[in-house]
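Read-outs throughout are calculated quantities, based only on the coordinates presented, and are distinct from any laboratory measurement. These numbers were taken from a predicted model, which means no experiment stands behind them. All Cβ positions, even for glycine, are placed from backbone atoms using ideal geometry, and neighbour counts span all protein chains on display.
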Amino acid sequence: MSTPTTGPDGLEGRDPRTVAVLGAGTMGSGIAVVMARALHRTILFDVDEANLQRGLDTVHGFFDKSVERGKLTAPLAAAAKASLVGTTDLADLAASDVVVEAVYEDLALKKELFGALDDLVPDTTLFHTNTSTLSVTGIASGSRLPERVVGTHYCNPAPLMKLVEVADGRHTASWARAATIDFLESLGKTTVVTKDRPGFIVNRFLIPWENSCIRALESGLGTKESIDAAVLGALGHPMGPFRLLDIVGMDIHQQVATRLYEQLRDPRFFPPPMVERMVAAGDLGRKTGRGFYDYDDTRLFGS
Ligand SMILES: NC(=O)c1ccc[n+]([C@@H]2O[C@H](COP(=O)([O-])OP(=O)(O)OC[C@H]3O[C@@H](n4cnc5c(N)ncnc54)[C@H](O)[C@@H]3O)[C@@H](O)[C@H]2O)c1
């Protein structure tokens with residue numbers, strides 16, 4: 001792992017922390033943008049070398065585009081890039097003050113990672129999980145210190161969406177939740193406290209709505225372009241449902257929708273047939289270059 005460098009004068013003094021982001025997929029790379037942009041020493045960790053590289057490329061591409069569009073100054077983008085390193089070696093995360101977990105939605109995997117990190121990092125390190133459908137309490141049971149584990153559910157794309165849902169597990173300590181909210185707000189995020197329940201608040205509304213947009217497309221009510229345009233023009237969303245689903249990933253949508261259906265038994269959560277066909281075809285969205293739309297690069301999101 002290369003040593004993180006510091007930014008130019010004038011960009012310091014923001015109480016930089018060492019933040020480990022586990023998983024360099026759609027959410028992990030988005031969360032790494034958020035951390036590096038705030039000039040925290042950010043370590044992006046993945047077990048898969050190719051996924052790690054794509055995540056790092058996505059983060060760098062995001063900062064380059066932000067400069068092109070005048071949203072970030074060149075020195076700040078350079079400092080943000082310099083704040084980020086990637087690794088496939090868990091031992092490199094030993095100095096972490098905050099760990100943000102964004103690996104596959106697999107309870108055993110998330111528990112195992114937190115258990116392994118217990119032996120590496122200080123007892124004061126906060127453990128955040130970005131799970132969409134699993135129980136925070138269940139994930140926290142993988143740590144010998146479940147009081148330090150907090151659910152932090154970022155909205156996708158994480159660098160652009162301000163909201164983060166915060167959910168305690170059964171044993172989360174009030175100090176851990178308070179420190180988590182302070183930290184998220186210092187990143188410019190807006191927090192909403194919710195319960196450790198399937199889908200938290202956002203996915204209780206988002207998943208049935210996305211499914212209904214897919215059903216509208218299946219039924220021929222509109223094209224992907226006209227439905228996206230209608231949502232943009234009339235509902236005030238930052239992007240249409242099919243552009244969003246291409247960033248989310250159809251595999252992830254299928255998994256989240258199915259898991260919420262299994263837990264809530266509400267048919268509005270069940271993914272429509274088009275989802276299974278797109279997953280079977282490998283048309284997962286931006287990550288495979290084709291979803292509802294075609295993409296000429298496989299960066300996971302743009303600025
Ligand atoms: N995609 C979304 O819109 C969205 C939104 C909010 C929350 N989430 C949640 O965020 C998490 C990640 O979702 P995603 O869409 O980024 O998934 P993804 O499939 O894009 O990325 C997951 C990454 O985890 C890596 N990984 C797997 N095992 C690992 C391990 N042991 N250690 C380190 N890395 C490992 C994979 O190599 C992959 O790069 C999931 O829990 C998901 O439910 C997803």
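Annotations for the structure displayed:
- Listed pairs K195/K287; K189/K287; K162/K195 exceeding 27 Å between Cα atoms: K195/K287
- Antiparallel DSSP beta bridges within segment 18-194, as percent of all bridges there, nearest 5: 15 percent
- Going from the residue with the fewest nearby Cβ atoms within 10 Å to the one with the most, H128, H171 rank H171, H128.
- Among residues other than I252 with Cβ under 12 Å from its Cβ, the summed charge is -1 (Lys and Arg +1, Asp and Glu -1).
- Distance from the Cα centroid of segment 119-178 to that of segment 42-101 is 21 Å (rounded to whole angstrom).
- Intensity falloff of segment 151-303 expressed as log10 I(q)/I(0), Debye formula with alpha-carbon point scatterers, at q = 0.09, 0.17, 0.18, 0.19 Å⁻¹: -0.32, -1.06, -1.16, -1.24
- With Cα atoms, 0 to 90° folded angle of helix 224-235 axis to the chain main axis: 70 degrees
- The order of S219, S212, going from fewest to most other C-beta atoms within 10 Å of their C-beta, is S219, S212.
- Here segment 204-288 was treated as a single set of alpha-carbon atoms; its pair distances binned every 10 Å from 0 give 19, 52, 28, 1 percent.
- Reachable lysines from K81, criterion Cα separation under 16 angstrom, eight or more residues apart if same chain: K65, K71
- Computed over Cα pairs, the Kirkwood radius of segment 92-225 leads via Stokes-Einstein (0.692 mPa s, 37 °C) to a diffusion coefficient of 208 µm² per second.
- Note on the chain: Kirkwood radius taken over Cα pairs, Stokes-Einstein applied at 4 °C and 1.567 mPa s, translational D equal to 66 µm² s⁻¹.
- Other residues with beta-carbon under 13 Å from the beta-carbon of V149 carry, at +1 per Lys or Arg and -1 per Asp or Glu, a net charge of 0.
- For the chain, the antiparallel share of DSSP beta bridges with both residues in that region comes to about 20%.
- Each of C155, C213 was scored by other Cβ atoms within 10 Å of its Cβ. Arranged with the fewest first, they read C155, C213.
- Of the residues A176, L72, M239, the one whose Cα sits farthest toward the positive end of the charge dipole of the chain, with +1 on the Cβ of Lys and Arg and -1 on the Cβ of Asp and Glu, is M239.
- Remark: the chain carries a charge dipole of roughly 780 debye about the Cα centre, counting +1 on each Lys and Arg Cβ and -1 on each Asp and Glu Cβ.
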